[in-house]
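Have a look at this one before I ask anything.
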Amino acid sequence: AASPGGAEPPSTSSVLHVSHLTLGLGKRVQPMCIACSSDLLAVGGSTGSVYLYSRESMSFLQMIECTGKGASSKSAIMKVAFSPVEPDLFAVARLDGNILILHGNFDKLTKKALRLCTICEHVKEAKGGVRITSLTWSPTGRWLFSADERGTVARTYVWPEMGKGNPYEDIETWIVYRGQSPVVQMHALVRGSSRIQQQNQQHRGQSKVEKSDVASDKGLAQNRTWTAQLLVSTKRRSVLIDVSDPNEAKTFVQIGRKDRNGYFGACFHPTQTASKVLAARKGKRLWEAQIDTGQVLKTMKPKLPNVEFRFTPFSTPAELDQRNPQHSKEWLKEHVQLRMLTPFDNKVVSWGD
């Protein structure tokens with residue numbers, strides 16, 4: 001797709017030629033997930049390690065073992081998410097349901113990555129292993145949101161000192177939502193975030209931080225000029241949750257009144273982020289809804305071609321073979337749907353596992 005100004009988009013070689021990423025994995029390692037920062041590509045492996053590559057040169061840089069206190073044995077890495085603020089922080093979700101936050105020392109790759117904390121809240125809630133289905137950071141990098149196949153959403157406070165590589169075993173995690181179906185996708189949004197950023201600067205260097213993003217004084221909480229919202233999509237519905245303060249009762253706004261059944265996502269509107277959300281529906285439909293009330297303003301049905309590109313993990317994508325019965329026009333018409341939604345500039349990218 002062309003960029004808004006009509007010029008050709010920049011090169012995406014780090015996405016199209018991911019077949020090179022298998023060079024550092026070895027024959028016995030299966031790639032389970034992939035994530036990127038501005039400089040790095042991270043591949044989660046089946047043997048419990050993360051493999052780092054240069055996004056520019058595609059060269060293999062480092063292998064990071066994701067084990068530690070509370071997660072001593074190796075377990076496949078199912079999700080990786082880089083902090084949007086701290087360049088060395090990233091989180092991984094293991095197959096056993098444990099989540100690790102690590103400091104990568106990416107400017108000095110000769111140094112070993114540090115495990116800063118282990119989040120076991122989902123395993124405790126499920127009373128056993130549970131699959132983490134989504135990891136997302138708040139735009140300010142102070143919160144890590146995690147969700148699982150049971151519909152549980154948790155929020156973990158990421159201490160400012162962790163950005164410097166200081167471990168915190170006494171991590172603070174709260175359950176913010178308990179749904180009745182697996183979580184498909186999450187997006188976090190902060191409106192009026194300048195005050196949060198000021199708070200983060202004040203927190204740096206302090207030995208103790210209150211649970212709230214701001215001071216716990218009730219008068220300050222009532223005068224808060226910013227709002228933090230989490231958009232959670234499950235197999236049944238999409239819900240907006242006010243997560244501004246963990247000490248306050250949560251407010252929930254459901255997007256639309258009709259439930260759905262399937263792996264459909266939602267995202268904040270790419271050009272009207274503060275006022276609207278988009279939610280995928282069956283039949284290639286797209287809801288545009290009001291962010292404050294969840295009221296559906298209109299139902300759109302973009303004209304999508306009945307063409308699907310299937311990506312074999314870490315290989316060059318190829319168009320489906322029309323001679324295959326499962327790749328026929330009738331099959332594609334039924335199976336090509338709007339799934340997960342991700343804003344990209346002034347557009348929305350739809351993708352699926």
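The values are calculated or read from the model by the stated rules, or taken from the named source; none is laboratory data. Because the structure is a prediction, the values reported are computed rather than measured. Ligands, DNA and RNA are excluded from the accessible area calculation, which covers all protein heavy atoms including side chains. Shrake-Rupley method; radii C 1.70, N 1.55, O 1.52, S 1.80 Å.
Keeping the other protein chains in place, figure out the carbon and sulfur percent of the accessible area of the stretch 53-170, with a 1.4 Å probe. Intermediate values should be presented prior to the final figure.
Details: 2230 of 4660 Å².
Exposed carbon and sulfur together represent 48 percent of the surface.
Taking amide hydrogens as modeled 1.01 Å from N in the peptide plane, which residues meet the under 5 Å criterion relative to Glu172, leaving out close sequence neighbours?
Long-range HN contacts for Glu172: Tyr157.
Throw me the Rg/Rh for the stretch 31-122, computed over C-alpha atoms with Kirkwood Rh, two decimals. Spell out each step's value before the answer.
Details: Rg = 12.1 Å, Rh = 12.9 Å.
Ratio of gyration radius to Kirkwood radius for the stretch 31-122: 0.93.
Past 19 Å, Cα to Cα: identify those pairs from Lys258/Lys298; Lys235/Lys258; Lys127/Lys235, in the order given. Before the final figure, lay out each step's value.
Working: Lys258/Lys298 14 Å; Lys235/Lys258 12 Å; Lys127/Lys235 22 Å.
Table pairs above 19 Å Cα-Cα are Lys127/Lys235.
Also, quick follow-up: Pairs Lys79/Lys303; Lys282/Lys303; Lys27/Lys74: which are spaced more than 22 Å apart, C-alpha to C-alpha?
Numbers: Lys79/Lys303 32 Å; Lys282/Lys303 14 Å; Lys27/Lys74 18 Å.
From the list (Lys79/Lys303; Lys282/Lys303; Lys27/Lys74), the Cα-Cα distance tops 22 Å for Lys79/Lys303.
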